[in-house]
C-alpha cells in the first residue's frame, strides 16, 4: 500500500526557499516596470513668460504637449550622451555640416527652481527654468528649445518657445519656462539643455547645458502621477506563535507572492 508523504520544511529552510521566489518575482516586476517606462508617452504642461521673467504674473502662452517616451540608450554605458535628437544636429546632418555656434549669441546664465514634491520623496514634478540670452546685436529675434536627459540617456525635447526678442546684453529680457510634468517621467536624475535659434532663418546660434552650468545638472524629477502622498504600501506583518515548529513551503511562497503582487499593483497605479 502506497503512502503519500508531505515534505515538511523547518522555518530556516522555508524562508530560504520563499526568499528565492520573492527575488525572482521582484525581478520580473522590475523588468516589467522598466519596459512600461520605456514605452510610456510623456505629457507636459508648459507655461511661457517672455517679458518680465519670474516677476511676470500671467504667462504669455500655456501649452499641453503629448510627447514621445523616454528611452535609455547605450550612451549610458559608454559615458557619452546621444545628441542625435537635437534640432541643431538634425539640421547639420541634413546640410552635411558640423554644429557650430554663432559667436554673436551666447547664454549669460541659466537658473532652475524645482517645485511640487507632495509625497516628500525628494523628487519634484515641476521645473521653473529661467535663462538669459545675449547678443552683440542691438536687437535680435530668437526662439529656444529645451531638452531633458533621463539618467544620462539621450536628449529628448520637452518645450519650445515662440519667437521672442533679446536686446543686446540687457539683463531685463530673461525668459522663463514653467513646466508641470504630468505623466511619463519616471523618478530619477535629469539634466537640461537649452538650444537657441535665429527666428529669421531657424539657424542654430547657441546652447547651454550641464557642462556649462551646474544649475542644469542632476535634477531629481518625477511626474505628478508618481508624486502622490496618498498612495502607500501597507506593512506586511507575519504573526506566528510558539518556538520552532515547521512550515509548508508553498504557503510561505504564496504569502510572499501576495506581498510582491500588492507592491506591483501599487507601483502600476503610480505609473498611471
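Label sites at residue 137 and residue 61, each approximated as a point 7 angstrom past Cα along Cα to Cβ, lie 1.9 nm apart. Here the extension length gained between residue 115 and residue 51 equals 20.9 nm, from 0.36 nm per residue of separation less the Cα-Cα distance. Estimated at 0.36 nm per residue, the fully extended path between residue 201 and residue 97 surpasses their Cα-Cα distance by 35.8 nm.
Using only the Cα atoms, work out Rg/Rh for region 151-225, with Rh taken as the Kirkwood radius, to two decimals.
Details: Rg = 14.4 Å, Rh = 14.5 Å.
On the Cα set of region 151-225, Rg over Rh gives 0.99.
Which of the peptides 201-207, 54-60 is most tightly packed, and how do the rest follow, going by the mean number of other Cβ atoms within 10 Å of each residue?
Going by the mean number of other Cβ atoms within 10 Å, highest first, we get 201-207, 54-60.
Sorting check: for 173-181, 155-163, 86-94, which peptide has the highest mean count of neighbouring beta carbons within 10 Å, and how do the rest follow? Provide the component values of the computation, followed by the final result.
Values: 173-181: 21.9, 155-163: 19.1, 86-94: 15.7.
The most tightly packed comes first, giving 173-181, 155-163, 86-94.
Any read-out appearing in this document is the output of simple, stated calculations on the displayed coordinates, not a laboratory observation. The structure presented is a predicted model; accordingly, all values stated were derived computationally and were not measured. Reconstructed Cβ throughout: ideal geometry from the backbone, glycine too, with neighbour counts over all protein chains shown.
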